[in-house]
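Contents: one structure, followed by commentary.
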Amino acid sequence: MAAVSALPGMRIDQVVTGRRRRRYKRWMIAAAASLVITLCILDTIVADTDWSRMGGALGILGTLARYLQLDFSLLPHLFVPAVETLMIATLGTLLGCVFSLPVAWFGAANVTPSIHFFYPLGRFLMVLSRSIHEIIWALLFVGAVGLGALPGILAVAMRSIGFISKITAEAIENIDPKPVEAIRAVGGNQFQVKYYGIVPQILPVILGTIIFEWDINIRRSAVMGLVGAGGLGLIFFRQMAMFNYGGVTMVILAVLSLILIGEIVSHYARKAVI
Amino acid sequence: MAILEVRNLKVQYSAKGPEILHGIDFTVDGDDFCAVIGPSGAGKSTLIRCINRLVEASEGDIILFGQSIRPMGAAELRVLRRRIGMIFQEFNLVNRMSVMDNVLSGRLGYTGALRSLFKAFPRSDIEQALHILDRVGLADHVDKRADELSGGQRQRVGIARALMQKPEILLLDEPTSALDPKISRDVMSLISDLAREFAVPVLCNIHDVQLALEFCNRIIGLQDGYKKFDGPAKGMQKQDLDAIYAMEVL
Amino acid sequence: MNITPPLPKEAARRPLKWSRYRYPESLFRFGGLLAVLAFLAFSISFLNVDLSRIIGAFPRLGEILASRYYPPDFAYVMEPEFLRSVRQTLEMSLLGGAFGVLLSIPLAWFAANNITLSRRIAYPFGRLAIISGRAIHETIWTILFVSILGFGMLAGILALTVFCVGFAGKLFADELEAIDMGPVEALQSTGSTPLQVFQYAVLPQVRVAFTGIAIYTWDVAFRAATVVGFFGGGGMGWYLKRTIQQLETTRVAAILLVIILLVSIAEIGSSWLRSRIARMR
C-alpha cells in the first residue's frame, strides 16, 4: 500500500477522470443508438402493426400448431422438385463461374486489359451483381425468357458473379510474383508463365469459393420458384396459396435436407481441394 | 573461352531514377565458379538479373554464348533463357505444386503448349527429374507439396529445377541468404559439386564472404554500382575486402 | 562436411518410375470428375435447358428493358408515399440488423466451441439457432412470419432478425473460435464468473472485428430488406410487387434503379466504414 500512496495525488486524479470520461463517452454512444432504435420501432412496428388482427397469443399459437401437422402425402411429390433445385443451383453456379472469368480478369488491377476502362467496368459489374437481390434477378429473367428452370439458373448465375469474381480478382492481385519470375527465367512462354506461375496459386482459393457459393446457391434456388422459376419454391408457393400449412412445413424440411446434403458435399469437396 | 562477357553495363530502373550500375565489365569462363560480393545495395542482384533480362539494362552489352542478348525479341529471349539456369534467394517455387511438378517446370522452355496444358511431360524428362531429385537427396519427397519442405530442401528443389534445364550457365541470386549457416554450407557445397559434375560455369551473388572464398575460384567485388575487385579468390587480401566494404562503416 | 550425395547403390536400387496419379487415387479423381460431368449433362437435359436460350436471354433482356421499361417513371419514386417506404425499408434493416446482432452475440458465445458455457446444452442450442437462420432463405422466413403475424413491417423485421442471426452469428462464432485463449485462462484462474470472463477477456479481443461484422450485417440486411416487402413484409418491396402485377413496367424500372442505387450506396458506405475500422485495429 505504501507504494500506491506514494503516487502524487494529481496522477491518480488524471487516471480517474480519464476513465470517467471514457465511460461517459460510451454511455453517450449507447444512448444515441437506443434513441435511433426507439424511433425506428415507433415508426415501423408500433405504427404499422395491427395487433388485434393477430388474434392474440392464442391465435398465433393456433397458426403455429397448424404448421406442425405435417402433411406426409406431399412427400412423393417433393423428390423431383428437390432434384430440380439442386440442378438449378449447380448449373447456376457453373454459369456464374463462366460469367465471372472476364469480370475477374477486368477487375484485377494487375492483369486488367485497361486500368481506365475495363477495371472500373469489372468493379461496377461486381457491385451490380450483388446489389440486385436474387428475387429481382429472377423476376427480370422470368420476364425475358418465360417461366421455368432457365430464369432460375440465370438469376443464380448473375447473383453469383459478384462474390466469385471479387474473390478471384483479389486472389490474382495477391499472388506471389516470385514463382512467376522463376517460370519466366526458365524460358516459359506467356501461357506457361500464367498456367504454371499464377494458376496453381489461385486455384485452391477459387475452387473453395465456388464450392462455398454453390452451397449458398442451393438456398437461393430453393426460393426461385416463388416468382415462377422452378424447383421447391414453386411447391412452397402452391402449398402456401392453398393454406396447407402442414405441406409448407414438409417443403421446408425438404429444403433443410437438401441444404444438409449440400453442407456435407461441400465439406468434403473443400477438403479435397485445399 | 569466355561464356559470358559483360561490357560497360549500366542500369537505371526508371528514366529519372538513380543509376544502379555505373558501367560494369567482366567475363566468365567455361570453368568459372565466380562470386559477386559486396555490401547490400551495391547492385549485386541487379547485375545477376541483367544476364537473363529479368532486369533490363539501360546501356552496355551482354554477350552470352557468343550472342548479344540486349536486342533479342521475346521468342529469342525464351530460347536463350532455357539455356540459363537460375537459383533464387527465396527459392521461387510454386508452393501449391508438388516437388515433381516444380522440378518439371524447369523443362517448360522445351515443352509444347498442349503438353504443358495437361502437364504431360515426356518420359525422358520425368526420368531425368527422378535422377536429379535423387542426386540432391530428395528422392523420398517427390510427391510432397513444395510448402511441406524445409528451407534447405526447398532450395534443393530450386537447384533441381535449374539443372532440369541442362543449363549452360547457372545464375545464383543469393542462394543461401534465406537459410541458416549450416544448411547454407551444405547447399553451396552441393551446388559446387553439381557444377563440376555438369561442367557448367556459375555466376553467383552472395553476401557471405566466407562462403564465397571457400567455394568460388573467382571474386568480383561490387561497391555502390562500381566494380572494385576482380580476381582469383586465392589472391584476395584483407585490404581488398576492406576496399569493397569501405562504405559499410557500421 | 558434405552430406548431400546419397549412396550410389541406393540410387541404382530405386526404381525410376513415377506417374502423376497412382492407381486408387486416379480412379477416384477421374471417377469423380466423370460423375460431375454426367450430373451436369443430365441436369441440362432434365431441366430442358436450351443452351442457345442462355445466350439469347441477355439480348432479349436488353430489348425488353429498352422497349418496355424505358423510360423509368421517376415521378413515381419521388412521391412522398414511396419515399416513406424507402425510409421504412431503411428502418427495417436497422432494426433487423440491430436485433440480429444483439441476439447473435450470446448465441455465438454459446456456439463457439472454445468458450461455450456448456457443451451439452448451450453449444447445440447456439449452433441450431445460427444454422436455422442461415439455412432458410430470408424470403421464406418472411412468408412464414407474414402467415403467422399478418402483413406488415413486424413480420419483415422479424424475418430480417432471423436472417441476421444466421449471418452475423456464424461470422461472430468463427471470430470467437480464433481468439487467444491465454487471457481467458488468466481471468478464469482469478475466479471470475463466465460473464466477467466474456466481458474482460473475450470481448476486447473481438470488439473491432465484431463492429466490422455488424456493419457488414446491416449492409446485407438492407439488401434483403428491399425485397421482403415483395412477400408482404413491408417497405419498398411491396411497391415493387404492386407495380409488377399491374404491369406498370416504367414504374418497376424506376423502383429497380432506386434499389440498385441505394444498395450500392449502402455497400460503398459500409465497405468504407469497415476499412476505416480495420485500420483502427
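Dipole orientation for the protein assembly as shown: of the candidates C:Val101, B:Ser184, C:Gly32, C:Val101 has the Cα lying most toward the positive pole (charges on Cβ; Lys, Arg +1; Asp, Glu -1).
Using only alpha-carbon positions in segment A:139-243, the gyration tensor eigenvalues give semi-axes of 43, 13, 9 Å once each is multiplied by 5 and square-rooted (largest first).
Rounded if a/c is under 1.5, else prolate if a/b is larger than b/c, else oblate: which is segment C:119-184, with a ≥ b ≥ c the root eigenvalues of its Cα gyration tensor? Before the final figure, lay out each step's value.
Numbers: a/c = 3.34, a/b = 2.54, b/c = 1.31.
Prolate, since a/c reaches 1.5 and a/b exceeds b/c.
Positive end of the dipole of segment A:133-274 (Cβ unit charges, origin at the Cα centre): among A:Val186, A:Gly228, A:Ala157, the Cα lying farthest that way belongs to A:Gly228. Sequence-ordered 3J(HN,Hα) estimates for segment B:162-176 from the Karplus curve with 6.51, -1.76 and 1.60 and θ = phi - 60° stand at 5, 5, 4, 6, 6, x, 9, 8, 10, 10, 10, 9, 6, x, 10 Hz, glycine and proline given as x. Mean per-residue shielding of peptide A:34-43 is 4, counting Cβ atoms of other chains within 10 Å of each Cβ.
Using +1 on the beta carbon of Lys and Arg, -1 on that of Asp and Glu, and nothing else charged, what's the dipole of segment B:41-81 about the Cα centre, debye to 20? Could the numbers behind the result be given before it?
Working: 6 positive and 4 negative charges, 42 e Å.
Here the size comes out at about 200 debye.
The packing ranking, built from the mean of other Cβ atoms within 10 Å per residue, places the peptides A:108-118, C:192-202 in the order C:192-202, A:108-118, highest first.
I'd like the distance separating the alpha-carbon centroids of segment B:113-174 and segment A:248-264, in whole Å. So the two Cα centres are separated by 49 Å.
Taking all Cα-Cα distances within segment B:164-214, those exceeding 15 Å account for 43%. Put in line by how crowded their Cβ is, counting other Cβ atoms within 10 Å and starting with the fewest, C:Met181, A:Met250 read C:Met181, A:Met250.
With +1 on the Cβ of every Lys and Arg and -1 on the Cβ of every Asp and Glu, and nothing else charged, how large is the dipole of chain C about its Cα centre, in debye rounded to the nearest 20? Before the final figure, lay out the partial values.
Values: 26 positive and 17 negative charges, 220 e Å.
Its charge dipole is roughly 1060 debye.
Per-residue extension of 0.36 nm, minus the Cα-Cα distance of B:Ala246 and B:Leu114, leaves a gain of 42.1 nm for this segment.
With a ≥ b ≥ c the root eigenvalues of the C-alpha gyration tensor of segment C:22-176, is it rounded (a/c under 1.5), prolate (a/b larger than b/c) or oblate? Here segment C:22-176 falls in the oblate category. Annotation: peptides A:53-59, A:226-232, ranked by per-residue average of other Cβ atoms within 10 Å with the highest first, follow the order A:226-232, A:53-59.
How large is the dipole of segment C:205-269 about the Cα centre if only Lys and Arg carry +1 and Asp and Glu carry -1, each at its Cβ, rounded to the nearest 20 debye? Provide the component values of the computation, followed by the final result.
Details: 5 positive and 3 negative charges, 24 e Å.
The dipole magnitude comes to about 120 debye.
Antiparallel beta bridges, as assigned by DSSP with both residues in the protein assembly as shown, represent about 60 percent of the total such bridges. With the largest listed first and rounded to whole Å, the semi-axes of the equivalent ellipsoid of segment B:77-224 from the Cα gyration tensor are 26, 17, 13.
Averaged across C:256-263, how many Cβ atoms of other chains sit within 10 Å of each residue's Cβ atom?
So the per-residue partner count for this stretch is 3.
Averaging over every viewing direction, what projected area does the convex hull of the Cα atoms of segment A:96-176 cover, in nm²? Don't jump to the answer; show the numbers that get you there.
Details: hull surface 21.1 nm².
For the Cα atoms of segment A:96-176, the hull's average projected area reads 5.3 nm².
Can you compute the equivalent ellipsoid semi-axes for segment B:137-250, i.e. the square root of 5 times each eigenvalue of the Cα gyration tensor, sorted largest first and rounded to whole Å?
Numbers: eigenvalues 172, 53, 27 Å².
Largest first, segment B:137-250 gives 29, 16, 12 Å.
Restricting the calculation to Cα atoms, segment C:89-202 shows an Rg/Rh of 1.08 when the hydrodynamic-style radius is the Kirkwood one. Ranking C:Val206, C:Tyr23, C:Ala221 by how far each Cα lies toward the positive end of the dipole of chain C (charges on Cβ) leaves C:Tyr23 at the top.
Comparing Cα centroids, segment A:183-247 and segment C:159-231 end up 27 angstrom apart.
The relative contact order of chain B comes to 28 percent, based on Cα pairs under 8 Å that sit 6 or more residues apart.
Sequence gap at least 6, Cα distance under 8 Å: using those rules, report the relative contact order of segment C:1-160 to the nearest whole percent.
Working: 66 pairs, mean separation 23.1, N = 160.
With pairs under 8 Å counted, the relative contact order is 14 percent.
Here C:Lys241 is the anchor, and no lysines lie within straight C-alpha reach of less than 27 Å, apart from those fewer than 8 places off in the same chain.
Stick to Cα atoms and the Kirkwood definition of Rh, then tell me Rg/Rh for segment B:89-151. That ratio is 0.96, to two decimals. The Cα-based radius of gyration of chain A, divided by its Kirkwood radius, gives an Rg/Rh of 1.17.
Using the alpha-carbon positions of segment A:37-91, Rg (one decimal) and Dmax (whole number) come out as 19.4, 49 Å.
You can think of it this way: the chain between C:Gln196 and C:Ala278 has 26.9 nm of extra reach, that is 0.36 nm per residue less the Cα-Cα gap.
In this simple spin-label approximation, C:Arg242 and C:Glu25 carry label points 7 Å from Cα along the Cα→Cβ vector, and these lie 6.4 nm apart. Translational diffusion of the protein assembly as shown was estimated from the Stokes-Einstein equation, with Rh taken as the Kirkwood radius over Cα pairs; at 37 °C and 0.692 mPa s the coefficient is 104 µm²/s.
How shielded is C:147-158 by partner chains, expressed as the average number of their Cβ atoms within 10 Å of its Cβ atoms? Please report the intermediate quantities before stating the final value.
Values: counts 7, 10, 8, 10, 4, 8, 8, 8, 2, 3, 6, 1.
The mean count of partner-chain Cβ atoms within 10 Å per residue comes to 6.
The Cα atoms of segment C:27-113 give a gyration tensor whose axes a ≥ b ≥ c have a/c of 1.5 or more with a/b no greater than b/c, which makes the shape oblate. Taking a straight Cα-Cα cut-off under 21 Å and skipping sequence neighbours fewer than 8 places away in the same chain, the lysines within cross-link reach of B:Lys144 are A:Lys178, A:Lys271, B:Lys119, C:Lys17.
Averaged over all directions, how much area does the convex hull of the C-alpha atoms of chain C cover when projected, in nm²?
Working: hull surface 112.0 nm².
Average of the hull's projected areas for chain C equals 28.0 nm².
What percent antiparallel are the DSSP beta bridges of segment B:112-250, to the nearest 5? Please report the intermediate quantities before stating the final value.
On the way: 6 of 10 bridges.
Among the beta bridges of segment B:112-250, antiparallel pairing accounts for roughly 60 percent.
Out of every Cα-Cα pair that segment B:206-248 contains, those further apart than 18 angstrom amount to 15 percent.
Mean residue ellipticity, 222 nm, helices only, chain C: the sum of -39500 (n - 2.57) across DSSP H runs of n ≥ 4, divided by residue count and rounded to 500, is -25500 deg cm²/dmol. Start at zero, step by 5 Å, and the Cα-Cα distances of segment C:137-281 spread as 2, 10, 14, 14, 15, 13, 10, 9, 6, 4, 2, 1, 1, 0 percent across the bins. Taking other Cβ atoms within 10 Å as a rough exposure proxy, C:Cys164, A:Cys40 sort from fewest to most as A:Cys40, C:Cys164.
With equal scatterers on the alpha carbons only and no solvent term, can you work out the Debye log10 of I(q)/I(0) for segment A:1-137 at 0.22 1/Å? Log-scaled intensity ratios, in q order: -1.23.
Taken over the Cα atoms of chain B, the convex hull encloses 137 Å³ per residue. With neighbours defined as other Cβ atoms within 10 Å of a residue's Cβ, the residues A:Cys97, B:Cys204 order from fewest to most as A:Cys97, B:Cys204.
How do the peptides C:149-161, B:42-54 rank, highest first, by the average count of neighbouring beta carbon atoms within 10 Å per residue?
Values: C:149-161: 26.2, B:42-54: 22.4.
Packing proxy ranking, top to bottom: C:149-161, B:42-54.
Values in this text are rule-based calculations from the coordinates and carry no lab data. Source: prediction; values computed, not measured. Cβ atoms come from the backbone with ideal geometry, glycine included; neighbour counts cover every protein chain shown.
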